[in-house]
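Just below is one structure, and these are the notes that go with it.
The values are calculated or read from the model by the stated rules, or taken from the named source; none is laboratory data. Bear in mind that the values here come from a model prediction, so they are computed numbers and not experimental data. Counting neighbours? That spans all protein chains shown, and the Cβs are built from the backbone with ideal geometry, glycine included. Note: areas computed on protein heavy atoms with side chains; ligands, DNA, RNA excluded. Shrake-Rupley method; radii C 1.70, N 1.55, O 1.52, S 1.80 Å.
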Amino acid sequence: MNSELLFCPFWSHTSDILSTIGYDSIIQHLNNGRKNCKEFEDFLKERASIEERYGKDLLNLARKKPCGQSETNTLKRALEVFKQQVDNVAQNHIHLAQTLREEARKMEEFREKQKLQRKKTELIMDAAHKQKSLQFKKTMDAKKNYEQKCRDKDEAEQAVHRSANMANPKQQEKLFVKLATSKTAVEDSDKAYMQHINTLDRVRSEWQSEHIKACEVFETQECERINFFRNALWLHVNQLSQQCVTSDEMYEEVRKSLEMCSIEKDIEYFVNQRRTGQTPPAPIMYENFYCPQKNAAPPGKATGSNSASSMVKNPPPNPRDRETYNLIYFVHCPQLELWNHFSLVFFSL
């Protein structure tokens, strides 16, 4: 900061000694700065609440919500690392919320400290303004009284001049007494007016000195406020950046565990743990209800070379030779005796 006072050009732009426009402008700027600090303080508190809610929600998600709980082997270990790191990230957000609340508390303490410092200076300036206004009023009243006494003296002198040719000596004496009294009143009012002018000048000098001191205090406060606000904002951004870096480091652990994940090992582990047998089930064989045969082939399928050769050696009989076929079937399948007998009778007809 420069040694020259930057708040110096805040005098009244008019010759009105009672004007406080420069001082009011500075106070308004300081009030706005204090309001800005309060807004940033509230911003930090709200951001802390958001971080805390997010951290708690993320913590509940990591601890209560299942995520691939039936996985096995390397992928299972990677998922365990993932959930643990999500838990760590959640804890990190909750810790960030506490840090932000601490920064908000520091901002509040700084704001209140400046408020107390300003209050002392403002009280001194308010007293100086009040004294200046009161003395100015007294001086203006003394000036009016002095001017009125001067006008009374002028009227008394004019009355004496007009009564110079009057024959009544008592009337002239009376006018001379009035003139002498008015001259004395003018002298007294003039002294009183001068005293008030000198007092007002002294009060004005004191007010001017206090105004300069107040400007120095206010300028120092404003420099401190801007520097503190700037550093607080810088620190806040660094904290958010560090949060991202820390989270990425935690997620890097998940990426490392995923690099150790092996598809072949996971499949092999599953096969070894859950294998049920290496031989597929045998085909279902066809079984005739009336003529059960062992190892009969399913419909449409041959039972082997013997079946194929039997089909060659024993072709289906000619329909004309139905008696012979039925007799053969009767011999081989006695269960169908009644049916075959009926067939013989039918075909003989």
Work out the charge dipole of segment 20-272 with +1 on the Cβ of Lys and Arg and -1 on the Cβ of Asp and Glu about the Cα centre, then indicate which of Thr121, Asn73, Leu233 is farthest towards its positive end.
Thr121
Rounded to 0.05, the calculated FRET efficiency for the beta carbons of Glu252 and Thr276 at R₀ = 30 Å is 0.15
How much net charge surrounds Lys65 when only other residues with a Cβ under 12 Å from its Cβ are counted (Lys, Arg +1; Asp, Glu -1)?
+1
Counting Lys and Arg as +1 and Asp and Glu as -1, what is the net charge of the other residues whose Cβ lies under 15 Å from the Cβ of Lys35?
0
State the extension gain, in nm to one decimal, for the chain segment bounded by Glu39 and Leu240, taking 0.36 nm per residue of separation less the distance between their alpha-carbons.
70.5 nm
If a/c stays under 1.5 just call it rounded; otherwise compare a/b with b/c (prolate if a/b is bigger, oblate if not). Do that for segment 64-170, with a ≥ b ≥ c from the square roots of the Cα gyration tensor eigenvalues.
prolate
Determine the distance separating the Cα centre of segment 108-156 from the Cα centre of segment 157-211; give it in Å without decimals.
26
Accessible area, probe 1.4 Å, largest first, for residues Tyr269, Tyr193
Tyr269, Tyr193
Stokes-Einstein diffusion coefficient of segment 20-272, Kirkwood radius over Cα pairs, 20 °C, 1.002 mPa s, in µm²/s
81
Measuring with a 1.4 Å probe in the full set of protein chains, what accessible area per residue, in whole Å², belongs to segment 20-272?
64
At 1.4 Å probe size, with the rest of the protein present, what percent of the exposed accessible area of segment 211-252 is carbon and sulfur atoms?
65
Using a 1.4 Å probe and ignoring any ligands, DNA or RNA, find the accessible area of Asp188 and quote it in Å² to the nearest 10.
90
Where Lys and Arg each count +1 and Asp and Glu each count -1, what net charge lies around Glu249 among other residues with Cβ under 15 Å from its Cβ?
-2
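When the chain is fully extended, how far beyond the present Cα-Cα distance does Ile212 get from Gln91, taking 0.36 nm per residue of separation?
Full-extension gain reported as 38.3 nm.
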To one decimal place, what orientation-averaged projected area in nm² is obtained for the convex hull of the Cα set of segment 140-284?
25.0
How high is the FRET efficiency from Val160 to Ser205, r the C-beta distance, R0 25 Å, rounded to 0.05?
0.05
